[in-house]
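Below is one structure, written out as C-alpha cells; comments come after it.
The values are calculated or read from the model by the stated rules, or taken from the named source; none is laboratory data. Just so it is clear, the structure is predicted and the values come from calculations on it, not from any experiment. Note that each Cβ is placed from the backbone with ideal geometry, even for glycine, and that neighbours are counted across all protein chains shown.
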Amino acid sequence: MTVRMTIGAVSDNLTQSERKLAATLLSNYPFKGLLNIQELAEEAGVSAASISRFTTKLGLDGYADMQRKLVEELRRGDVSPVDLHERNTRIRGSFLAGFLARAAAQIESAGDAITDSQFERITALLSNPRRQVFAMGGRISDTIARHLTFHLAQSREGIAHIPRDPEAWPASLLRMKPGDVVFMVDFRRYEPSLERLAQAMTTKRVKIVLLTDSWISPIKGSAAEVLAVPIETGTIWDSYAAALAIVEAIVARIAELTWDQTRDRIEMWDATRALTMETKT
C-alpha cells in the first residue's frame, strides 16, 4: 500500500491539523513529502510534532520512515505520470489539443490529491440544512465561489455569496452562526484581505473549507478542510479547470444526497422563470 493510499484509509481519524498536513502532502505527491520536516511543517502550517504524530497514525516509524517509503515508490514507478509531468514544457503541435490534454491531467491529479473521505465530509457539511453556507473568492477565483452558490441554492436554503466589496463583509459576519460553513477560494497571488477576513471568521466559530492551489493559501491556518488542486499549465496563464471540476462534483453529489428537496426547488425555479419570460413577452 502506498503512502497516498494509507492517508486515504485513515483520513476519517485525522485531526484538523493532520488534515491540513494530508492536503499539503497530496497537493504535490510524493514530492512534498521529500521536504525536510521543518519545511513541510511551515508549508502546512503545523508543528513538527504534529507531523510525527501523523506518521504514527499512518503506521510508520517517524517522518524519515515515510520519506524512505516515498523514495521506494518513486523507484518502483508507483507515482502517477501526472506527478512526473514536466509542467513547464512548451506545448508542441496543436496548441488547443495540448492545452486540453494538460487540463485533463490536472483534473486527474486533483482526484488523487483529495481523498474520498474528505470529499464526503465536505459534501455532508455543505448539504446540512442546519448550517448556513457562505462562499467567496479572490479577484478572479470568485467566479468559482459564485458557481458553487448558484448551484447550491437550487438544492437548499441558507446559501449566500459574500461580495468582493469589503464594505459588505460586516453584514455577512453578523449573519454567521457557530457551525456555519464558509467556502473560500484563494489561488496565487493570494489576497491578504481574505486571510484577515478568514481570521475574523474564526471568532464566529464557523468551519472554513478552503479551495486553493498546490502552494496552499495562507488561509489554511484558519481552515477546517483544505482542498489543494493543481493550476499550472506550463503557459503564461494558470488554469482553474480542476478547481471547477471539484466544485461541480461537490454540487452534483449534494444534489443526489438531497434529491427530493432539490427536485422540488428546481421545479419551482423553472416555474418562476417561466412566469418571468411570459411577462417579458
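Looking for whichever is at pLDDT below 90 and not aromatic (Phe, Trp, Tyr) here; the options are 191, 225, 278, 195. Which one fits? Break it down into steps so the answer makes sense when it comes.
Values: 191 fails: at pLDDT below 90; 225 fails: at pLDDT below 90; 195 fails: at pLDDT below 90.
After ruling out the rest, the residue left standing is 278.
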Original post:
Does segment 138-159 include one or more residues that are over 28 Å from residue 262 (Cβ atoms), outside any helix (DSSP H, G or I), touching a residue at least 40 places away in the same chain (Cβ under 8 Å) and not β-branched (Val, Ile, Thr)?
Top reply: yes
Subject >> Among the residues listed as 135, 145, the single one being in contact with a Ser or Thr (Cβ under 6 Å, 6 or more places away or on another chain), buried (at least 19 other Cβ atoms within 10 Å of the Cβ) and modelled with pLDDT of 95 or more >> reply: 135
Original post:
Taking into account only those residues within segment 53-64 that are assigned to a helix (DSSP H, G or I) and touching a residue at least 12 places away in the same chain (Cβ under 8 Å), which is surrounded by the most Cβ atoms within 10 Å (Cβ to Cβ)?
Top reply: 54
**OP:** Search segment 24-34 for residues being over 15 Å from residue 6 (Cβ atoms) and surrounded by 24 or more Cβ atoms within 10 Å (Cβ to Cβ), and hand back the single one that is modelled with the highest pLDDT.
**Re:** 24
Original post:
Any idea which of 221, 179 is within 22 Å of residue 250 (Cβ to Cβ) and either part of a helix (DSSP H, G or I) or out of contact with any Pro (no Cβ under 9 Å at 6 or more places or on another chain) (or both)?
Top reply: 179
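If you take the residues of segment 97-123 that are of a type in the set (S, T, N, Q) and part of a helix (DSSP H, G or I), which of them is nearest to residue 159 (Cα to Cα)? Outline the logic, then answer.
Let us first name the residues in segment 97-123 that are of a type in the set (S, T, N, Q), namely 106, 109, 115, 117-118, 123.
Next, only the ones that are part of a helix (DSSP H, G or I) stay: 106, 109, 117-118, 123.
Details: 106: 29, 109: 29, 117: 24, 118: 21, 123: 14 Å.
If we take residues in segment 97-123 being of a type in the set (S, T, N, Q) and part of a helix (DSSP H, G or I), then 123 is nearest to residue 159 (Cα to Cα).
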Original post:
Looking at segment 215-263, which of the residues that are of a type in the set (Lys, Arg) and closer than 26 Å to residue 179 by Cβ is nearest to the chain's Cα centre (by Cα)?
Top reply: 220
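Would you say residue 126 is in a helix (DSSP H, G or I), in contact (Cβ under 8 Å) with a residue 40 or more places away in the chain, at negative phi and buried (at least 23 other Cβ atoms within 10 Å of the Cβ)?
Numbers: in a helix (DSSP H, G or I): yes; in contact (Cβ under 8 Å) with a residue 40 or more places away in the chain: yes; at negative phi: yes; buried (at least 23 other Cβ atoms within 10 Å of the Cβ): yes.
So residue 126 fits the description; yes.
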